[in-house]
Amino acid sequence: MVVDDHPMWREGVARDLTEAGHLVVATSGEGRQAVRVAVAARPDVVVLDLQLPDVSGVEVIQGLRAALPEVRVLMLSASGEPQSVLDAVKAGATGYLLKSAAPAEFLDAVRRTAAGEPVFTPGLAGLVLGEYRRLAAAPDAPDDEAPRLTERETEVLRLVAKGLSYKQIAERLGLSHRTVQNHVQNTLGKLQLHNRVELTRYAIERGLDG
C-alpha cells in the first residue's frame, strides 16, 4: 500500500512497485483514510510519507500498528531530520528511506521490509542505534510499570539482540530449541511486542546488545 498526499509521486511509486512484480492493494493521500483502507486491504507493507495533510505519518504508524500488528511500515520521506527518523522508528516503522533514494534502492528496501529487516538510508541506521544507546545509558526514573523479565528471559533477550539464532542460543545456554522459543514467546507477550525485529529494538533501547 502506498500513502502519499502528492498524486504524481503516489502514482509513480505504485507504478514502480507494480512493474517490479509487487501487488499494490491500495493507495491513499490522507492518513486517517489510509488506516481505514489498510484494515480492509490488509497490506503486508505500507510505504508511507511522513508529511500528510490531516495527521502526521507517526500517527498513521500508530494507527496501523494498533489495527494491524503484523503490518510493516517503510517511511519514504523528504526529511532526514534526526527527530523525524527517531519518532517514526519509535512509533513502529520498520525502516526509513529518503525520497532521494534511487529506484533500485527503494525496491530493495521494500523487499527487505517485507522480510522484516530494518532498512535505513545510509547514515540513518547509525543515528537510530546511537540514539537508542544514548537513551539506554541515560539515568531514568524508576519505571514501576516496566514488565518484569526473569533472569533467563533477559539472558535470551540479550542473545537475540546480538543476532544469534534460536539454535545458537540453545547451544550457548544448554537449552532445547523449544525452550528458547518459549522464552522468546513469553518475553514478547510480557513486553506486548509482535516479532523479533521489535524485540531487538527493545533490547537495543536498554543497552542489552553490548
Exercise. Would you be able to tell me the number of residues in the stretch 73-84 that are of a type outside the set (Asp, Glu) and assigned to a loop (DSSP other than H, G, I, E, B)?
Key: 3
Exercise. Go through the residues of the stretch 38-46 one by one and say whether even a single one is under 20 Å from the mean Cα position of the chain (by Cα), loosely packed, with under 14 Cβ neighbours inside 10 Å and at negative phi.
Key: yes
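If I filter the stretch 55-72 for residues that are part of a helix (DSSP H, G or I) and closer than 19 Å to Pro7 by Cα, do I get at least one hit?
Here is the first cut: in the stretch 55-72, the ones part of a helix (DSSP H, G or I) are 57-67.
Those still in the list that are closer than 19 Å to Pro7 by Cα too: 57, 60.
Yes; the residues of the stretch 55-72 include at least one that is part of a helix (DSSP H, G or I) and closer than 19 Å to Pro7 by Cα.
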Practice problem: Could you tell me whether any residue of the stretch 157-168 is within 26 Å of Val85 (Cα to Cα), surrounded by 14 or more Cβ atoms within 10 Å (Cβ to Cβ) and at pLDDT below 75? | Solution: no
Quiz item: Taking the stated definitions as given, is Arg111 modelled with pLDDT of 90 or more and under 18 Å from Asn195 (Cβ atoms)?
Solution: yes
Exercise. For Leu23, work out the one condition from (1) touching a residue at least 12 places away in the same chain (Cβ under 8 Å); (2) open to solvent by 20 Å² or more (accessible area, probe 1.4 Å) it doesn't fulfil.
Key: (1)
Self-check item: Hits in the stretch 47-81 (condition: among the small types (Gly, Ala, Ser) and open to solvent by 40 Å² or more (accessible area, probe 1.4 Å))
Solution: Ser56, Ala66, Ala67, Ala78
Practice problem: State whether one or more residues within the stretch 82-93 are at pLDDT below 80, within 17 Å of the chain's Cα centre (by Cα) and open to solvent by less than 50 Å² (accessible area, probe 1.4 Å). | Solution: no
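Among the residues of the stretch 69-104, how many are farther than 16 Å from Gly57 by Cβ and either of a type in the set (Ser, Thr, Tyr) or in contact (Cβ under 8 Å) with a residue 12 or more places away in the chain (or both)? Break it down into steps so the answer makes sense when it comes.
First, pick out the residues of the stretch 69-104 that are farther than 16 Å from Gly57 by Cβ: 69-70, 100-104.
From what's left, either of a type in the set (Ser, Thr, Tyr) or in contact (Cβ under 8 Å) with a residue 12 or more places away in the chain (or both): 69-70, 100-101, 103.
Here the count works out to 5.
The values are calculated or read from the model by the stated rules, or taken from the named source; none is laboratory data. Worth saying up front: this structure is predicted, and the values here are computed from it rather than measured. Here Cβ is always computed from backbone atoms with ideal geometry, including for glycine, and neighbour counts include all displayed protein chains. For accessibility, only protein heavy atoms count, side chains too; no ligands or nucleic acids. Shrake-Rupley method; radii C 1.70, N 1.55, O 1.52, S 1.80 Å.
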